[in-house]
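J.: Before anything else, here's the structure in question.
None of the figures in this text is laboratory data; all of them are computed from the coordinates on show. Everything numeric here is computed off the predicted structure, so don't read it as measured data. In this analysis, Cβ positions are derived from the backbone assuming ideal geometry, glycine residues included, and neighbour counts consider all displayed protein chains.
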Amino acid sequence: MSFCFNFDLSATTNTDDVQGKTSSTDKIDIVAKPVNESGCPAEAVKEAKEHFPPSDSLHLLDDAIYETLTIGTLPPLHFLNETVFEKTVYEREDTENILCRTAEQRSDLISGVYEGGLKVWECTYDLLEVIEREGETFGGKAVLDLGCGTGLLGILSLKRKAREVHFQDYNSTVLEQLTVSNVILNCQDDDCDNDDDDDDSKGKNKGTTDKEEECKIKLKHDTRDLFLQRCRFFSGDWRTFLILASSQDPSLKYDIILTSETIYNTAYYPALHDTFHKLLAPRGHVYVATKSHYFGVGGGLHLFETFVQERGVFSLNHLWASEDGLQRHVVVLRFKKESH
Ligand SMILES: C[S@@+](CC[C@H](N)C(=O)[O-])C[C@H]1O[C@@H](n2cnc3c(N)ncnc32)[C@H](O)[C@@H]1O
């Protein structure tokens, strides 16, 4: 077997600060794993699996340190601070062994092993801003947050009354330890969200106030179950996710697919494109948020756009682009009339 690449490369990105978001001007360390001649990861990919939140899921939030993201008129979005994982790496259930591997290798992504879902990547913020600006509505719609990581995009659609929201991430540890926790964290009523004017650390909540206690009680009794009833969680690579999802429900179609920072590896494009093709409703659309180029793994918008054009199934329209630094974009895909 020959390998296309096997190297360890880093890139530094400078990003604009978006109001209310956590700063993520950090270094992106990508460890590219060997891939075989056909471009597939040399290690076995992770088989898709559905995850069911534990019935006592509130314990996932014990000692949670979380942050709150506020963008324009969007409802506040809460998510676990990524340092939670650094501090508790050896106490957590991690059958995939990704928490210690990423901590030891200090990498944001180990291709084919850990695909980066433990932190919020900056294009997620871009996509949230575009959703706000475009006035996207989620009410009554079926939504897929593909490559969800923290799940902020899917959580927004839940809060905006999507009929059902499916979260998919490559890593089961990410889903079980982070995505599900974040969904539960967001079950509090929006009027329970911290909006204390005298809070200096606006957008970041640490510790527990009386108001939070009150909200936790509410959260226990009502919204959590209503939220979770509308959610499903899947781990595994896109190829097997597609097989699993379609075998469970051959008529499954999503009105909206949201995906951020998932086109960095050209080896995954066929599986990603097939997932869009098979699971998008005829009149649905896919939002893709991405950087122009990903150092270390080589993918990016231009290569993805070329791939989409060659397949001839979707039209691709540019919605937004940043001007400075490492360029970032949001594009939307829709079926060409004859293709669905
Ligand atoms: C860089 S992370 C981005 C996470 C999140 N969307 C964000 O913007 O913060 C890329 C995500 O894509 C998903 N992913 C990448 N390659 C994948 C593959 N071949 N199969 C399934 N999921 C994949 C992983 O779940 C991972 O969380």
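J.: Which of Lys253/Lys336; Lys161/Lys336; Lys278/Lys336; Lys278/Lys337; Lys161/Lys278; Lys141/Lys278 have a Cα-Cα distance over 19 Å? Don't skip to the end; give the middle numbers.
T.: Numbers: Lys253/Lys336 17 Å; Lys161/Lys336 28 Å; Lys278/Lys336 14 Å; Lys278/Lys337 15 Å; Lys161/Lys278 24 Å; Lys141/Lys278 17 Å.
Beyond 19 Å: Lys161/Lys336; Lys161/Lys278.
J.: To continue, here is another question. Work out from phi, with θ = phi - 60° and the Karplus expression 6.51 cos²θ - 1.76 cosθ + 1.60, the ³J(HN,Hα) of each residue of the range 329-336, listed in order in whole Hz, and give x for Gly and Pro.
T.: Working through the residues one at a time gives 9, 10, 10, 10, 10, 9, 4, 5 Hz.
J.: Moving on to the next point. Between His166 and residues 5 or more places away or on another chain, which pairs have amide H atoms under 5 Å apart, with H built 1.01 Å from N, and which residues are they?
T.: Val143, Leu144, Asp145, Arg232
J.: Treat every Asp and Glu Cβ in the range 71-165 as -1 and every Lys and Arg Cβ as +1, leave all other atoms uncharged, and give the resulting dipole magnitude about the Cα centre to the nearest 20 debye.
T.: Working: 11 positive and 17 negative charges, 76 e Å.
About 360 debye.
J.: In nanometres, what is the gap between the two model label sites at Ala281 and Gln229, each 7 Å from Cα along Cα-to-Cβ?
T.: 2.0
J.: While we're on this one: By count of other Cβ within 10 Å, fewest leading, how are Tyr254, Tyr170, Tyr287 ordered?
T.: Final ranking by Cβ density, sparse to dense: Tyr287, Tyr254, Tyr170.
J.: Under the Kirkwood approximation applied to all pairs of distinct alpha-carbon atoms, what is the hydrodynamic radius of the range 43-138 in Å?
T.: This gives a value of 16.1 Å.
J.: Oh, and also: If I take R0 = 35 Å and measure r between the Cβ atoms of Asn97 and Lys336 in this structure, what FRET efficiency does the formula 1/(1 + (r/R0)^6) give, to the nearest 0.05?
T.: Step by step, r from the Cβ atoms, then E = 0.25.
J.: Taking 0.36 nm per residue of separation and subtracting the Cα-Cα distance, what length does fully extending Glu47 through Leu303 add?
T.: So the extension gain works out to 89.5 nm.
J.: Note down the nm distance, to one decimal, between modelled labels 7 Å out along Cα→Cβ at Ser55 and at Leu74.
T.: Inter-label distance under the simple model: 3.5 nm.
J.: Applying 1/(1 + (r/R0)^6) with R0 = 25 Å to the Cβ-Cβ distance of His318 and Phe295, what FRET efficiency is obtained, to the nearest 0.05? Don't jump to the answer; show the numbers that get you there.
T.: Numbers: r = 22 Å, r/R0 = 0.88.
Plugging the Cβ-Cβ distance into 1/(1 + (r/R0)^6) gives 0.70.
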